[in-house]
1. Could you work out, residue by residue across A:81-89, how many beta carbons of other chains sit within 10 Å of that residue's beta carbon, and then give the average as an integer?
2. Can you list, bin by bin at 5 Å, the percent of alpha carbon pairs in the range A:64-144, starting at 0?
3. Taking θ as phi - 60°, what are the ³J(HN,Hα) couplings along the range B:16-26 by the Karplus curve (6.51, -1.76, 1.60), each to the nearest whole Hz, with x for Gly and Pro?
4. Give me D for the protein assembly as shown in µm² s⁻¹, whole number, from Stokes-Einstein with Rh from the Kirkwood sum over alpha-carbon pairs, 25 °C and 0.890 mPa s.
5. Tabulate in residue order the Karplus-calculated ³J(HN,Hα) for the range A:75-81, using 6.51 cos²θ - 1.76 cosθ + 1.60 with θ = phi - 60°, rounded to whole Hz; enter x for Gly and Pro.
6. Using a 10 Å cut-off on Cβ to Cβ distances, tally the other chain neighbours for every residue of A:99-106 and report the average as a whole number.
7. Starting from 0 in steps of 10 Å, tell me what percent of the Cα-Cα pairs of chain A lands in each bin.
8. If one takes the longest principal axis of the Cα atoms in chain A, at what angle in degrees, from 0 to 90 and to the nearest 10, does the Cα axis of helix A:58-74 lie?
Amino acid sequence: MSEMTSAQAIARLTKRPPVGATELLASEPLEIDAALGWARIAYLGKPEFCNERGFIHGGFLSAMLDEVMAMAATAPRNFDYVVPALGMKASFLRGVEPGRLIAEGSIIKVQGREVYLAGELFNGAGELAVTASATARFRKLPWK
Amino acid sequence: MNDQEMDSRELQRQQGRERGPVAGILGHRLLVVDRAASYIEAEFRAEAHFFNPMGVMQGGFTMAMLEQSMLDAVLALADGRCEVTTLEIQCNFIAAVGPGAPRCRASLVRQGRSTAFVEARLFDGGGALAATSTSVVAVSPEGSGQGCE
């Protein structure tokens, strides 16, 4: 298990080559517990992610949760792995308006190459807006 | 008017529906409405800004396309005008999706008065099955303002 501090983990993440999805979502890691497999990331819900009623499209919230869960999963392995999801579920508890959003991800269980994950996303007022769970598989980055 | 003419008129009506700016970023285009067979088909655009470190589409954006197509299915196939809100979505990722124009085919499984059950499949630009999905969608009368995805 990794002994990185939160600051070291964030520094390591921000040094990675740019990733399209991460840039589109304006991902900003706030806190990472590499020993536990837990991450808190801020995202920007942009107006261009909105549906006709002015709420952020559920798929874009799912994309934020997918990423924060992947960060939680790979932190204990120094981010040397990716975790393509095999399955993911999201429940939308309330509409989310554009603005800065906070998402948290955590490892529920690691079993062999599989990892079970959970995620939560909070709206600008700090209210729980989306919950998610995913099953994913560790895969080493080809260049690691 | 026969079924084909009805479908073509519904397709035009649904293509003109306001979906908000997200339709643009997803490259959304509604291609088929088939009311008799109860499905719709829509095309999207998988671009680099949706990709993960492996250079393929991040699962969340695959879900975004599937979710949009399932909402399209309810809007085009449900009886009467309505507003729709996804309550939950589940997705299985079968194969990676690279750059191109993935297509989704979404079917209305069952529609009740306030809830629709929908399923969808996403095929990559080469036509190979890449993801399957189901969703539960809340349906409310148009203009009620109850929907709030």
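1. Going residue by residue through A:81-89 and averaging, the value is 6.
2. 3, 17, 26, 21, 14, 11, 6, 2, 0
3. Couplings: x, 5, 6, 10, x, x, 4, 4, x, 5, 7 Hz.
4. For these conditions, the coefficient is 128 µm²/s.
5. The phi angles translate into 4, x, 10, 6, 6, 7, 10 Hz.
6. Other-chain Cβ atoms within 10 Å of each residue's Cβ, averaged: 0.
7. Percent of Cα pairs in each bin: 13, 45, 33, 9, 0.
8. In chain A, helix A:58-74 runs at an angle near 20 degrees to the longest axis.
Each value in this text was obtained by applying a stated rule to the coordinates, not by laboratory testing. Predicted model only: the values in this text are computed from it and were never measured. Positions of Cβ are generated from backbone atoms using ideal geometry, with glycine treated the same way; all protein chains shown enter the neighbour counts.
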